[in-house]
Structures are given as structure tokens and as C-alpha cells.
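These notes concern the structure reproduced below.
Please treat every number below as a calculation from the coordinates, not as lab data. Note that the coordinates shown come from a computational prediction; the quantities given were computed from them, not determined experimentally. Positions of Cβ are generated from backbone atoms using ideal geometry, with glycine treated the same way; all protein chains shown enter the neighbour counts.
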Amino acid sequence: MRGAARRPPSAEPVIPGVEPVETRRRPGVHPQLVIGAVLVGLVLVTALVSLVWTPYDPEHAGAERLLPPGAEHWFGTDRFGRDVFSQVMAGAQITLLVGVVAVGIAALVGVPLGVLAGMLQGSGRGKPATVLMRGTDILLAFPGLLLAIVLGAVYGAGTVTAMVALGIGSIPAFARVARSGTLQVVRSDYVLAARAANRGEVAIAARHVLPNIAGTVLVQCSVNFAIAVLAEAGLSFLGLGTPPPTPSWGRMLQESQQFLGLADHLAIVPGVAIAVAVLGFNLLGDGLRDVLDPRLENAATPAVGPVGTAATSLVEPVETPSPVEPVETPALDLRHLTVRTRSGRPLLTDVSLRVAAGERVGLIGESGSGKTMTALAALGLLPDGVSATGHVGLAGVDGNLLDRGERALARLRGREISMVFQEPMTALNPLMRVGRQVAETMTVHGVAAGAASRRAAALLAEVGLPDGAARRYPHELSGGQRQRVVLAMALANDPAVLVADEPTTALDVTVQRQVLDLMTRLVSDRGAGLLFITHDLAVVSQVCERVVVLLDGVVVEEGPVAEVFANPRHEYTRRLLAASTLEPRATTPVERPTLVEPATLVEPSTLVEPVETPALEPALIRVEDVTRTYTNRGQAVPALRGVSLAVPEGQRFGIVGESGSGKSTLLRIIAGLDRATSGRVTSAGVDLSPAPSGGARSESGPTAPRDLGDLRAALQFVFQDPYGSLDPRMTVGDIVAEPLLNPANVRDGGPRTAAARRDAVREMLDAVGLPLDATERYPHQFSGGQRQRIAIARALVCRPRILVADEPVSALDVSVRRQVLDLLARLADEHALTLLLVSHDLGVVRHVADHVAVMHDGLIVEQGPTAQVYDDPAHEYTRRLRAATPLLR
């Protein structure tokens, strides 16, 4: 078989159930931290020793004037005959005192103000936050140096005046840094998860905000310490700092200016001392920032858990016949490609594959299998610290691309071979109009600007974008439109090979279908070869003619798609195929699904009639005629337009729809994390309906009804991004235990002591299939599937009645997706949960839920038993959604 190779024996044993995690191994010591600590320690020791001993009295003359450095006076003497070395030792006291006090004043005042402003703005209270920040900005009109001069003139020059002035002048810098960091943290999913876990704002600030901005604040402290030292030196140089005869490094510099050229040591010695102190504190701040970030810790040992058959145990590729007759010159030819890290660890091992002109080849495998690394090696875009050997050939290009330099490769990229990246928003320049970006891909290869602009307009029309799209910025386009722009850029120069790396993973199923159809047509029209990289086998079955299966950097199987998928030879391929097929959940047939036609009426409350559920059980969640309207630049933007649904206790209810349909908004309202504009909402017996007309309410951010704590004790949330919803600076044990820290979340007989909380955390981790030692690890040390298990454990540790899952598997590989969905279903049964699951994939909802509501444009257009809605959809949108869902052929 072409590309089949044995995986080299590993020095480490293969452990069934391990999900290996690629991590950076941290050195035993941080050079900058050590150097900084040594330099700062030198200054500190010098200051402490000078309190009890100096070779000579630093304030009184006792020797000949202006002596050069020598055996008796190591650094010489000054114009009064004072020993310079003794002065430097005593001056270290002033340096440390000024720096520490000035930074302390600024940090103790500025950081709380910045955190408070960030918390207020993050929770939708922008006006008080603005008042706070404008108050601190007033101080910017009085820089520390200017303020010290003014205060010195009023109260007299001195060390205390300088310290206070420099500290006050630095408050705005700390407030701005703290506010910026706080806003970034409070907008994260893990803070939203903490709010959903019924944690108060003070607890969120203490447990999430401060630890996550500590590194940045430390760096600011080191920078401001250096600024304070230099400013004090400048004030002393001007005669406004430390008064004589008290030694100060700044005053020593000031007194040395008239002797430059005659006694240069008078300026060199204090100048070097200031430079050492400033450099030391800067290095120390940077080093402490890195030490406080657990993501940089040594995480060489992967977490272990029963997550299915480990990929590392399937190391033997199977022999298959050559898939096609040899072609004269393939469009893309990879032979014996091996990629290694600087330490020698293989990322790809002896990978060989060919893509003929006009052929569509799928490269499949789970995250970490080496798919993207293969594409980057083909384009010469490997990251630093990684090298490749073997052969990469392109049709019409002589020799091995791996032997070419960056300049030669740059001339080929975009012209002979192009790439479509997974996330179009990050692949496009946010400050450049998309038409210009498409034209730029041609002008860099010598096309005249006018011709490139005309060709760009034609390409954007060819990919189906409306007139005027060329003049828009990326943020003004939808996700599908942005991916069309990226596709137009990739095909602008009619390359022989197009490499598409997970090009539709971030798109809804209907948009995905449109982009796939467009890509297939454009590639076929140009006769280009397509290397399509994905973890979705259903997409490969619809797009590609041949498939290559990659596992741990080794090709384990390849051949025609129909043959490989019908008769897989390798166990890993069989496992991928099994995970890609989501069987429907067995349900008992009930009444015909209700169809709701979206009407264009003036009153939102008349858009949808509430759908009645069987009256056998009371509804645990009830939404009646709910609307939600946001305001953007003075314009009303409706997110929900008269939504009604009822979820009985114990039901598995699915909500399906595309991005922008209102699914997540509805979930946030049900969870008490947002407030409806109108209508009635009841969750777990808690009335979340908006305030009556004229009542006070927050337009954004969490709502705060009196008994919201009861709801958050009964309802927990699982977020879409398993990494973003876990605080990177907290251990797994602390993350899972966080909901238990609020006594309101603990039911009678529940864990109320630290020991009981630890036991509850271990029990829940075991329930989701994670080892007990996971409690001491950090989120970055786990795979995506394991991180989602951690999020589920956190949601269930306080035994809620309702579990809300917002796209919980959209970021996961197909095999991990299947495991997480089965885990949710099992836990829902074991804990008698009411499960509310949101997805854009109707197949995912069909696998888990027994009742489904289909949302489109802020409306529920159809709802009913999942089997009936899926098998016999009544609404055109539901039929379109089902038709767009890729299925294995």
C-alpha cells in the first residue's frame, strides 16, 4: 500500500484508554526569572546590609576628593570625599523604598478600581463603569513627575512627596490594565459558567478575575517600579527628590554631571546600579507571570480515562492495493514525508499520498492525527521547531519543495497550490475590504492592480456573493460568506492543487452544504486537485472520490471512498465509521408534530401559537410567547419573536436550528442568564418573566430576580467550547467543586465540608469516566473530549434537576462526539435529569432527544416527537435542514 508504514516503537508504554495530549515541556528553571531574582536580590541584600554596615559613612566626607576607583575606595570618592561604594549601598534603600511604595499605592488603588469598572461594564452597567474610569483619567492630566514637582513646590521636596506623587500618577495605568483584563475574563464562558453555578460577583472576582489578571498586573508592577526608580532619579537630579545629604542614586547622578570627563566613575556607578535594578525587576515580573500560568507547566503525563479504545494501540496499517494506476505527474505528490519536533518526536511518519489533477482526495482522522501538519508541510508552512524530510512535489514544479527556501515557496503559494483554512474570520484581515484581499492574492504574483480588481469582483460573484460584497469588511459578512471569500482568494490564480483544512467545521449544516457544493463545482471546472482534510466521514463520502485515513501521523488505510467505507480493513477506520453513525433514540410515537408558519405581523406575540404538550405531567420549563429584542446603534434587533414551548420533567428536549436562529438566546433566558423583552418564562418553578411595563430591568447581562439562586441550584449549564468554559488557572478539582461552594446549591444531606466536597468531586469524576488523579491537573492537560467530561461533572456535582447543553459536541471529533452524547444520555437516565439540548445538527438531536423544536429566524417553526419531525418534516425549513445534514453513503 502506498503510504503504509509501521509506526516506530515508542519508548513509552501504550496505555489503553489514554487520550494523548500534546503539551510543551517546561524547562526546570526560567532563565529570566532566575536572572531577575538574582539582580533584585543583589539590590535587596545591598539595601539590607547598608542598614547595619557600610565601609565608610555615606553622608560624611572622610577621604581625598575625586579619588578614582582603587583598593581602598572600590568605586572612588565624590567631590566631597565621600566613598561612592558606601553611597551606592545606602542609596539602594531609597531606590527600593520609592519603588515599592509608589507601586503599592498605584496597585492598591488602581487594581480594585479597574476590576470594579470591568465587572460593572461586563454585567451591562456601563454608566457607573464609565464614571469610574473617567475619574481615574483625570489623573492622567497630572503625570507622576509633574505631580511630584507641584507637590514638592507646595509641601517641600522630599522622598515621601516623591513616593506619593509617583504612586498617584500611576493609578490610571493600573486601573486601565485591570479593567482591560477584567473585561476579557468576565466575557469568557468560564465566568458565565460560574454565574450559572450561582456564584456571586465578589466570588467571581476573587476566584476568576484576580488570578487571571495577576500575571498582567505583576508585569505592570515591574514596569512601574522601573518607572518610579527612574523618576526618582530624575527628581533627585533636579533637586526635587531625596534631600541631601541622604544618598540617592538619582542625586548621585545629578551631582556627577559637572565632573563628566574628569571623574566619569561618579556617573557610571549609580547609572549601572539603576540599570541593574530596572532590568532585574522587569525580568522578575515577566518570570513571575509565566510561573503563575499553569498552561506553561510541564504536562508531559496525559490524563487517563476510559474514553474508548486508544488510538495509540492501533499502530499497524493494513495493506491495500494501489488505489489508482500511476499517473504521469500527479498534481500533488507526497512521498515518505516525515515531520519531527526539535526533540526528535515524530509528528508524521513516512506519509505518502498522491492527488491527481481533477481528483478529490479526503484526508481523515481525529484531532492530533497529523492532518493539518500534512497540509502545512505541503505548503512549506511548518511552525518553528518542526522540520520535515521526504519529498513534496507539485505538477509543473521541478524538484523537492522541501529543499526550497521561503522566498521560492512564497512564489508558489497561491499560484500553484492554495489553502482554505478552517476559520475564515481569522484567515481574513479585519481592517481590509474583502475585494481588496482577493485582489491582493493576484497582485503579489504580478497581476496588474486594475485587472486584479476586475477579476476579484468576478470571483466574488462566481462564489455567490451579492453585489457590493467586495466593499465590505469581514465582520460585515456571515460565516458562510466569509468562507466564500476565502475560497475565492484560494482559487484566484487557478492553482493546480487546493488544500482545504476543515473548511466547513465552523459552519451550519445548510451553509456547509452550500460551500461544499460550491467548492466541488469550482475545483471540477478548473481541473484542480483537491486535498480535503476533515474529521467528518459523512462529508468525505459526499465530496471525495478517494480517502486516506491518518492515525498518529501514520497512514493506516486508503482507497476509493465507497470501498473503504463499505469494507474497512483497519480497526481505526471501523471505529470512525461506527462513531459517525448516530442511531435515533427509541421513543414512543405520540401525536403529529405541530407546524407553525412564521407570519409577518406587527405584534410579536401573534407570531407563534404556544404548542400544547400532553397534560399528563406539569411542565418543568415553560416559555410562552417570549420575545427578546436587542439594541444595536439605536436599531432594534429581534432575536426571539414569540417563542412558546413546554418541557415536562424528565424529558429530553432538543432545539435545533442554524446560527442566528435564537437557540442560544432562548437557552440563556431559560437559565436566568438573560431576560426576555416580553412573554412569560418559568424554569424549575422560578418565574423569570420580564418586569411589567415601566419596571426596571437590565438590557443585557444576568438577571437578578429574588429567587434566582433557587433556579441556578436546580439548573446547570454545559457550554459549547469545553476549553473556554474551564478556568485555565484552576485545577479540575476546584473547577468541579465550585458549584458546591455556594450553600444554596447544596441539597439537604449534600456535601457541606471540604472533605465531603472532595468526595463528591471524585464521585462525579468517576461517573463521567475520568481518573481520580485528574483533580490535581489543569484543563490544558486534557483532550477536548475529556474537558467536556469535566464540564459535565461540574454541571452535575450539585445534583440539579435540569441540565442545559448548548452545542456540547460541535467542537469535538466524531468518535469523541459519540462518547459525550452517550454519556449525557446515560447520566440523564441515572440522575433523572430533564435534558435541554441545543444543536445545529438534527442528527445529534435525533440521537439524544425524544422531542424537538426547530427554530428559524427567532421562531419555532415546528416541534414534536423527534422521530416524526425527522422522518416526516412538515415545514420546508425542517426539510431543508434535514437534506443538508451530511450522511454516510
Problem set entry | Cα convex hull volume per residue for the chain (Å³) | 222
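Which whole-number percent is the relative contact order of the chain (Cα, under 8 Å, 6+ apart)?
13
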Exercise. Hey, how many Å between the Cα centroid of segment 367-398 and the Cα centroid of segment 623-675?
Worked result: 45
Seminar exercise, completed: In terms of the alpha carbon gyration tensor, root eigenvalues a ≥ b ≥ c, rounded if a/c is under 1.5 and otherwise prolate when a/b exceeds b/c or oblate, segment 30-172 is prolate
Problem set entry | Farthest toward positive dipole pole in the chain [+1 Lys/Arg, -1 Asp/Glu at C-beta], among L279, V103, Q542 | V103
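Is there a quick way to get the dipole size of the chain? I mean about its Cα centre, with the Cβ of Lys and Arg at +1 and of Asp and Glu at -1; what is the value in debye to the nearest 20?
1020
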For this session: Quick one: work out Rg over Rh on the C-alpha atoms of segment 329-580, Rh as Kirkwood radius.
Result: 0.96
Problem set entry | By average C-beta atoms within 10 angstrom, highest first, the peptides 813-821, 344-352 | 813-821, 344-352
Exercise. Can you give the charge dipole size of segment 329-580 about its Cα centre, rounded to the nearest 20 debye, using +1 on the beta carbon of Lys and Arg and -1 on the beta carbon of Asp and Glu?
Worked result: 580
Exercise. What is the fewest-to-most order of E649, E255 by other Cβ atoms lying within 10 Å of their Cβ?
Worked result: E649, E255
Seminar exercise, completed: Going from the fewest other Cβ atoms within 10 Å to the most, one would list W249, W74 as W74, W249
Exercise. What does the highest-first list of 546-552, 389-395, 51-57 look like by mean Cβ count within 10 Å?
Worked result: 546-552, 389-395, 51-57
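Sorted by mean Cβ packing within 10 Å, highest first, what order do the peptides 131-141, 103-113 take?
Output ranking for 131-141, 103-113: 103-113, 131-141.
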Exercise. What is the extension gain from T443 to D293, computed as 0.36 nm multiplied by their sequence separation minus the C-alpha to C-alpha distance, in nm to one decimal?
Worked result: 49.7 nm
Exercise. What is segment 605-884's relative contact order, in percent, from Cα pairs under 8 angstrom and six or more apart in sequence?
Worked result: 23
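Take each complete run of DSSP H in the chain, measure how far its Cα atoms stretch along the helix's own axis, and keep only those covering 27 Å or more with mean Kyte-Doolittle hydropathy at least 1.6; list them.
31-52, 84-122
For a footprinting-style exposure proxy, rank Y190, Y723, Y155 by other Cβ within 10 Å, fewest first.
Y155, Y723, Y190
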